[in-house]
Amino acid sequence: MIRGPISSILALACSLARAAGWGCSRAAPRPGMATLSSSEMKSTELATRGHPGEPSPPPVLSFRAQELPFRYERGETGAAWPVETTGGGVGLLDYDGDGDLDLFVAQGVPLPVGKSETPPADVLLENQGGGRFVDVSARAGLTSKGYGQGVTVADYDGDGDPDVYVTRYGPNTLWRNDAGRFTDVTAEAGVGDPLWSLGAAFADIDGDGDLDLFVANYFDFDPSAAPFDRDPQTGAPAYGMPAGFPGTARRPLPQRGPGPVPRRHHSGGGGRHGPGHGRPRLRPRR
């Protein structure tokens, strides 16, 4: 379920709005919404409101919970693996070039990875207009690649199609988009990673005009040792705090052959490597 994180974000948005002297109100769902994971999702509207006597009110800023045909697979083990508390990253992209923003969602799988014979794949939701989204994952070539966490989007190969990099608990995936059809080119690009990765971003880190890749790994844990904490009153398995785990280190990647893909791993500064803090990975193209 991803209801909790969304609710937290909306609550934070409301708090910030009130602190700024704005209003925060809930509105009924608009007709024609698709279904996310349950009917419990509610529309939330955050609006700026002017004070009495003002000549014109400030513009309205609205956050509305759009229901979508997607349910994140947390893969709950019953032993409170830390990875169960993260995941379900979303990327916005016009994957088919029709002018509408579509949604790419990193999907989880039952844990441990490999347990299910038919694990779900990452999800691509095509924007049909009018607030309607359709799952076109299979048609677009997406297959199961493991326990998804985060999503970052960029046209890394410069062909005009937005490509997608998915971080995972386990090897990450680079999906190359060719006219709306996705191909796993992780091995070719040399950007897989066996560690637990959360965030990632494409950027021209070295100023050479090419998009480089920055990947933030999290921490390491031994699944066989779970649970790492227990509820003091009930004894039920509980998730340990990140500070109680060792951060994961960088690993060098071999130089790759020529081509429009990230090819070399360079260690970079600015990462904190200690309890619960992963080191960043910089993969500039040369």
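Between A225 and V90, the modelled labels are 3.6 nm apart [label points 7 Å from Cα along Cα→Cβ].
For region 56-149, the solvent-accessible area with a 1.4 angstrom probe is 46 square angstrom per residue. Seen from every direction in turn and averaged, the convex hull around the alpha carbons of region 164-250 projects onto 8.5 nm².
For region 97-112, 3J(HN,Hα) computed residue by residue from phi via the Karplus equation (6.51, -1.76, 1.60; θ = phi - 60°) reads x, 9, x, 9, 7, 9, 10, 10, 10, 6, 9, x, 9, x, 9, x Hz, glycine and proline entered as x. When the alpha-carbon atoms of region 54-174 are used, the pair Rg, Dmax equals 16.9, 63 angstrom.
Amide H contacts under 5 Å for Q128: F133, V134, restricted to partners 5 or more places along the chain or on a different chain, H placed in the peptide plane at 1.01 Å from N. Region 189-230 and region 132-152 have Cα centres spaced 19 Å apart.
Taken one residue at a time, the phi angles of region 196-206 give Karplus couplings (6.51, -1.76, 1.60, θ = phi - 60°) of 8, 9, 10, x, 7, 8, 8, 6, 8, 5, 9 Hz. Gly and Pro are set to x.
Computed extension gain for R132 through A203, at 0.36 nm per residue and net of the alpha carbon distance, reaches 22.4 nm. In plain terms, the chain from A79 to A187 could stretch by 35.6 nm, reckoned as 0.36 nm per residue minus the Cα-Cα distance. The accessible surface of region 114-172, taken with every protein chain in place and a 1.4 Å probe, is 47 percent carbon and sulfur.
Sorted by mean Cβ packing within 10 Å, highest first, what order do the peptides 142-149, 100-107, 181-188 take?
142-149, 100-107, 181-188
The values are calculated or read from the model by the stated rules, or taken from the named source; none is laboratory data. From a predicted model like this one, the values you see are computed outputs, not experimental measurements. Positions of Cβ are generated from backbone atoms using ideal geometry, with glycine treated the same way; all protein chains shown enter the neighbour counts. Side chains are part of the model used for accessible areas, which takes the heavy atoms of the whole protein and leaves out ligands, DNA and RNA. Shrake-Rupley method; radii C 1.70, N 1.55, O 1.52, S 1.80 Å.
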